[in-house]
1. Please find, within region 112-162, the residue that is surrounded by the fewest Cβ atoms within 10 Å (Cβ to Cβ) out of those that are of a type in the set (F, W, Y) and within 22 Å of D173 (Cβ to Cβ).
2. At pLDDT below 95 and either within 20 Å of E67 (Cβ to Cβ) or open to solvent by 30 Å² or more (accessible area, probe 1.4 Å) (or both), is that true of E234?
3. What are the pairs, 6+ residues apart or on separate chains, where a residue within region 240-261 that is touching a residue at least 60 places away in the same chain (Cβ under 8 Å) has its Cβ under 7 Å from a residue that is of a type in the set (D, E) and assigned to a helix (DSSP H, G or I)?
4. H185: loosely packed, with under 14 Cβ neighbours inside 10 Å and not β-branched (V, I, T), yes or no?
5. When only residues in region 243-269 that are part of a strand (DSSP E or B) and small (G, A, S) count, which is surrounded by the most Cβ atoms within 10 Å (Cβ to Cβ)?
6. Would you check which residues across region 104-130 are in a helix (DSSP H, G or I) and touching a Lys or Arg at 6+ places or on another chain (Cβ under 9 Å) and list them?
7. Tell me, yes or no, whether region 152-169 has at least one residue that is at pLDDT 90 or above, out of contact with any Pro (no Cβ under 6 Å at 6 or more places or on another chain), under 23 Å from H119 (Cβ atoms) and in a strand (DSSP E or B).
8. Name the residues in region 25-43 that are open to solvent by 40 Å² or more (accessible area, probe 1.4 Å) and either under 16 Å from L58 (Cα atoms) or in a strand (DSSP E or B) (or both), would you?
Amino acid sequence: MSLFQRLKTFFLALRVPHYRWPALDVDLPGGRHLHLVGSIHMGTYGMSPLPAQLLQKLRDADALIVEADIAGSDSPFDNLPPVEPLEQRLPPELLTRLDNTLQTLSLHRDEFNQRPAWHIALVLQATQAQRLGLRPEYGIDYQLLQAAQQYHVNIMELEGTSSQLDILRRLPDEGNELLQDTLTHWHENARLLQVMMSWWLENPPAEDELTLPSTFSQPLHDVLMHQRNQVWCERLFALPPGRYVVAAGALHLYGEGNLPALLRERAAQ
C-alpha cells in the first residue's frame, strides 16, 4: 500500500466519529477504551487551548497515557558522555552537509562538536520547528499533561525519557543515519510539520489532497516507529479496565505497523 493510500485510510478512520483533532477510538477486550490522540510535540499559539471536547474526554478518563512525562522534568540530554570531534566521526560528505545546514541556521560546528550524531539530529529538528514558529509549550502532549495535573487525572507513560534515550543510544554509528536522514529530508520535514499542524488548526484536507513526505529510511522507521508501536501495544493491553486518553506522536497512528492496527489485530486474536 502506498504512502498516499495509507494516509488516506488514516484520515478515513479519523472521521468515525468526527473529531476536530487527529484521533480515533479503539476498544480492547476487557472493558478498556482508548482515545488515541495524534500528538505533536511542538505547536503554535493557535493550537492552544485544546478543544473543549478533548479536555472533557481527559476529565472523564481514568488516566492520561503519554510517550513520556515531560512536564517539568529535566532534559535527559544534560549529562551525555563526551565523544570524539565530528571530523573524526562523520564521513566527509555528511560533515559538509551538516556544515551547510548549520550555516543556514546561523549556527557553528563548535556548538555540536561533542554531541553524538543522533543528538545533533534532534537539535536540528527542534531548531527547524522553532524557526517555523512552533514552541514546546504549545505541544499537544505538554498541554495534555498540564491539563491532567489541573484535573487530577492520573498520568502514565508508554516508555519514559530513559527508554527513549536508550533507543537513541543504541542506534548504529551513534545515529549517523538519523542525522543523514534529517539533512537529506530537511525540506520534506518542514512540509511534514506543516501538514501535522494543519490536522490541529484546520479540518482534514480533502481525500484527493492527502499527501505526506517520507523522512525516515526503512531501518530507522523500523526502530523508531514500528518496534516502539509493538512495545506500546503490549503495554496498552496490560491496562486494567477503564477509559484512557493516549497521546502518541501523530506519525505512530498511520502507515505500516501503526499502533491502531496492531491493537486491532491483537484484539481480534
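1. Among residues in region 112-162 that are of a type in the set (F, W, Y) and within 22 Å of D173 (Cβ to Cβ), the one surrounded by the fewest Cβ atoms within 10 Å (Cβ to Cβ) is F112.
2. It is false that E234 is at pLDDT below 95 and either within 20 Å of E67 (Cβ to Cβ) or open to solvent by 30 Å² or more (accessible area, probe 1.4 Å) (or both).
3. Once the first residue is touching a residue at least 60 places away in the same chain (Cβ under 8 Å) and sits in region 240-261, its partners that are of a type in the set (D, E) and assigned to a helix (DSSP H, G or I) give R243/D60; A247/D141.
4. Taking the combined requirement at face value, the residue does not satisfy it.
5. Among those residues, the one meeting the criterion is A247.
6. Hits for region 104-130 are A117, W118, V123, A129.
7. So far as region 152-169 goes, yes, one or more of its residues are at pLDDT 90 or above, out of contact with any Pro (no Cβ under 6 Å at 6 or more places or on another chain), under 23 Å from H119 (Cβ atoms) and in a strand (DSSP E or B).
8. Within region 25-43, D25, D27, H33 qualify.
The values are calculated or read from the model by the stated rules, or taken from the named source; none is laboratory data. All figures in this text were calculated on a predicted structure; none of them were measured in a lab. As a convention, Cβ positions derive from the backbone with ideal geometry for all residues, glycine included, and neighbour counts pool all protein chains shown. Ligands, DNA and RNA are excluded from the accessible area calculation, which covers all protein heavy atoms including side chains. Shrake-Rupley method; radii C 1.70, N 1.55, O 1.52, S 1.80 Å.
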